[in-house]
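To keep things clear, I will list the structure first and then write my remarks on it.
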Amino acid sequence: MAVMAEVSTTTGAALRSPASPPQAPVKEGDAEKLRFIEEVTSDVDAVQERVLAEILSRNAGTEYLDKCGLAGATDRATFRAKVPMATYEDLQPYIRRIADGDRSPILSGHPVSEFLTSSGTSAGERKLMPTIEDELNRRQLLYSLQMPVMNLYVPGMDKGKALHFLFVKSETKTPGGLAARPVLTSYYKSSHFKNRPFDAYNNYTSPTAAILCADAFQSMYAQMVCGLCQRHDVLRVGAVFASGLLRAIRFLQLNWEQLAADIEAGTLTPRVTDPSVREAVAEILRPDRELAEVIRAECSSGDWAGIITRIWPNTKYLDVIVTGAMAQYIPTLKHYSGGLPMACTMYASSECYFGLNLRPMCDPSEVSYTLLPNMCYFEFLPMDAAASGGDASQLVDLARVELGREYELVITTYAGLNRYRVGDVLQVTGFHNSAPQFRFVRRKNVLLSIESDKTDEAELQRAVERASALLRPHGATVVEYTSQAYTKAIPGHYVIYWELLANKSSSAGAGAGPAVDRETLDQCCLEMEQALNSVYRQSRVADGSIGPLEIRVVRPGTFEELMDYAISRGASINQYKVPRCVTFPPIIELLDSRVVSSHFSPALPHWTPGQRNDD
Ligand code: AMP
């Protein structure tokens, strides 16, 4: 049993909200972590100054900082005067050389250990983020702070397990031989994760072999069956993002009969072929007729409301990020969980892990993340400056952001990104000690997102152009379009509304728009998918986490009605622009009521794990 030394620290008291349970004493191991949070948040500016000096001295001999004319300086004033803000595209020539095998200190003074493939894309391909070995320690540190904070709010989390659906994705090698993979894949495959000591607060029902299985079906099946076998032990259910947890529920909907049969027989379906996964599941799976009957009873009724707590009755909360693009899934998660609290514990990216939610049990609408000043050097571009391009002179330090204002996040990392624009917009909501806390407002330039895909307006425009070329032989063109991330079904999918126009020579049916055959319009859906970025296509092909793209053809005149509606609600007739994505329910209703036909992509788009060579 864990030693329950009551540590009467002001630490726990400072972090605990007035509404948190008074009965949870701070445990010995946690006190040290909580003290660390208190320390780094107490004099943010001093920590940031030290972090910047450390980064600049480690990277002093790099080609990039030399070019900036830093000449070994590590002070803020010189850094501010000499180093410009940068986007991924600015850094791409340097990144490409590293990827091609140039081992000289280009961006980082420490050897680049691998590339992390961001879900943000550039020219349709995942961005490659160079990283270094000791970033893993910083990520590990942030993970280690999560449960001590949670323990202040939810007692007894060491008395059971976490059903956390964790997955690795495929990885490739760059031409220079470095691995390129998503940050979580890198973490789960690291010795930090694989050889982690037993921790009663992070005791997963999923065997590590199941997490590390790259086959999405086998991994999910094994994790689900193990989670079902240990149903009474489960105290929290989660995935990294809301979409992942919903995918797991969908998986249960589709596979409960087989899962129940396996549990009744105590044998694993032959569809799971990976020997290490089979071996790991065999340790847990035992014949259990009673459990199989419970699963059948709960899943066969067709009523999926509250399924999470019916199957895992001791679940105290969902451990899942529902801020940002994931907020669209909150109602569905509430439905399946019977309204369990949703804990958004951290804010992180491939570039760097940023910070923690110090009030993890708050309502999703109130989530703020405290950026930890030891993770990297943070700067902020006020959104009004960002809107007009922005330049480095307008950047504000972490200690100088103003309450209520919105900023774009700019970071300087140990791995060698300097004044790098992450693309996230954050709003200051308060302070913990002197550390500002931020609400995640949105990711810049993202129009559509179902899972980790991020499709911007230009990409959507290109995809529509490419697909509409298929209409030309039929004498039709797309006159207007808009889109919607449809998430009422799992998996969600993109819906694109098209208004078509018949060219003069073609024969159009009265009022219904030009006659284009079904097959061509189905093909247009696939053509659009082919044109979308590789993260979208990977989600479609490898993960099955996005469903087939749908085109809904609307009646001629629909977009004029849309404009009339917007003007009736106060839009200026001169400035009106067709929104390229719609979320407002009355607008969606209007569009849906004008649909004359709907079409789905008939096949999977093309996707292979590798990056394009010319990227
Ligand atoms: P990636 O580069 O693929 O690792 O994605 C990182 C991005 O995911 C961040 O820059 C954010 O836009 C988004 N993200 C990460 N954590 C959160 C969070 N807690 N809430 C909202 N968005 C998040």
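The values are calculated or read from the model by the stated rules, or taken from the named source; none is laboratory data. These figures come from a predicted structure and were not determined experimentally. Every residue, glycine as well, gets a Cβ built from its backbone with ideal geometry; the counts of neighbours run over all protein chains shown. Accessible surface areas use protein heavy atoms only, side chains included; no ligands, DNA or RNA. Shrake-Rupley method; radii C 1.70, N 1.55, O 1.52, S 1.80 Å.
Ranked from highest to lowest mean number of other Cβ atoms within 10 Å per residue, what is the order of the peptides 591-602, 227-238?
227-238, 591-602
For the chain, with every protein chain kept in place, what is the accessible area per residue (1.4 Å probe, Å²)?
Counting only protein heavy atoms, the per-residue value for the chain is 40 Å².
Given the options 153, 124, 426, identify the residue whose Cα lies farthest towards the positive end of the charge dipole of the chain (+1 on Cβ of Lys, Arg; -1 on Cβ of Asp, Glu).
124
Mind listing the phi-derived Karplus ³J(HN,Hα) values for the range 398-407, rounded to whole Hz, using 6.51, -1.76 and 1.60 with θ = phi - 60°, and x for any glycine or proline?
For the range 398-407, the Karplus curve yields 4, 6, 10, 6, 10, 4, x, 7, 9, 9 Hz.
Using the Cα gyration tensor of the chain, with a ≥ b ≥ c the square roots of its eigenvalues, what is the shape: rounded (a/c below 1.5), prolate (a/b larger than b/c) or oblate (neither)?
oblate
To the nearest 20 debye, what is the magnitude of the charge dipole of the chain about its Cα centre, counting +1 on the Cβ of each Lys and Arg and -1 on the Cβ of each Asp and Glu?
180 debye
Going by average Cβ density within 10 Å per residue, which order do the peptides 181-193, 141-153 take, highest to lowest?
Listed from highest to lowest mean packing, they are 141-153, 181-193.
Of all trypsin sites (Lys or Arg not before Pro) in the range 486-591, which ones are in loop regions per DSSP and have a Cβ with at most 14 other Cβ atoms within 10 Å?
Answer by residue number: 488, 504, 569, 577.
Hey, what do the phi angles of the range 288-295 turn into as Karplus ³J(HN,Hα) couplings, whole Hz, using 6.51/-1.76/1.60 and θ = phi - 60°, x for Gly and Pro?
In residue order, the calculated couplings are 8, 4, 4, 5, 4, 5, 4, 4 Hz.
Scan around residue 306 for amide H atoms under 5 Å from its own, H built in the peptide plane at 1.01 Å from N, and keep only partners 5 or more places away or cross-chain.
Under 5 Å from the amide H of residue 306: 336, 337, 338.
Can you work out the Karplus-derived ³J(HN,Hα) for every residue in the range 181-187? Use 6.51 cos²θ - 1.76 cosθ + 1.60 with θ = phi - 60°, whole Hz, and x for glycine or proline.
7, x, 4, 6, 4, 4, 5
In debye to the nearest 20, how big a dipole does the range 155-315 give about its Cα centre with +1 on each Lys and Arg Cβ and -1 on each Asp and Glu Cβ?
Value, rounded to 20: 560 debye.
Sort the range 79-125 into rounded, prolate or oblate with this rule: let a ≥ b ≥ c be the square roots of the eigenvalues of the Cα gyration tensor; rounded if a/c is under 1.5, and if a/c is not under 1.5, prolate when a/b is larger than b/c, oblate otherwise.
It is oblate, given that a/c is not under 1.5 and a/b is not larger than b/c.
List the relative contact order of the chain as a percent without decimals, with contacts defined as Cα pairs under 8 Å and 6+ residues apart.
Dividing the mean separation by the residue count of the chain yields 13 percent.
Could you work out the local net charge near residue 604, counting Lys and Arg as +1, Asp and Glu as -1, over the other residues with Cβ closer than 10 Å to its Cβ?
Summing Lys/Arg as +1 and Asp/Glu as -1 gives +1.
Run the numbers on the range 155-315 and let me know its relative contact order in percent, using alpha-carbon pairs under 8 Å that are six or more apart.
So the answer I get is 25 percent.
Share of antiparallel DSSP beta bridges in the chain, in percent to the nearest 5?
75 percent
Report, by chain and number, residues whose modeled amide H sits under 5 Å from the one on residue 317, excluding near sequence neighbours (fewer than 5 apart, same chain).
Distant-sequence amide H within range of residue 317: 237.
Please report how far the C-alpha centroid of the range 412-482 lies from that of the range 128-142, rounded to the nearest whole angstrom.
Using only Cα atoms to place each centre, the spacing works out to 25 Å.
Past 21 Å, Cα to Cα: identify those pairs from 169/444; 127/169; 33/169; 189/334, in the order given.
Checking Cα-Cα distances, 169/444; 33/169; 189/334 exceed 21 Å.
Rule-of-thumb check for the range 155-315: C-alpha Rg over 2.2 N^0.38 Å?
Output field value: 1.06.
Per DSSP helix of 4 or more residues, -39500 (n - 2.57); summed, then divided by the residues of the chain. What does that give at 222 nm, rounded to the nearest 500?
Per the formula, -10500 deg cm²/dmol.
Show the residues, 5+ positions off or on another chain, whose built amide H is closer than 5 Å to the amide H of residue 203.
Result for residue 203 returns 162.
So which aspartates and glutamates can residue 27 reach, going by Cα to Cα under 12 Å and dropping same-chain residues fewer than 8 places off?
Cα-Cα hits under 12 Å: 6, 158.
Determine the share of the chain's accessible area contributed by carbon and sulfur atoms, expressed in whole percent, with a 1.4 angstrom probe.
The computed percentage sits at 51.
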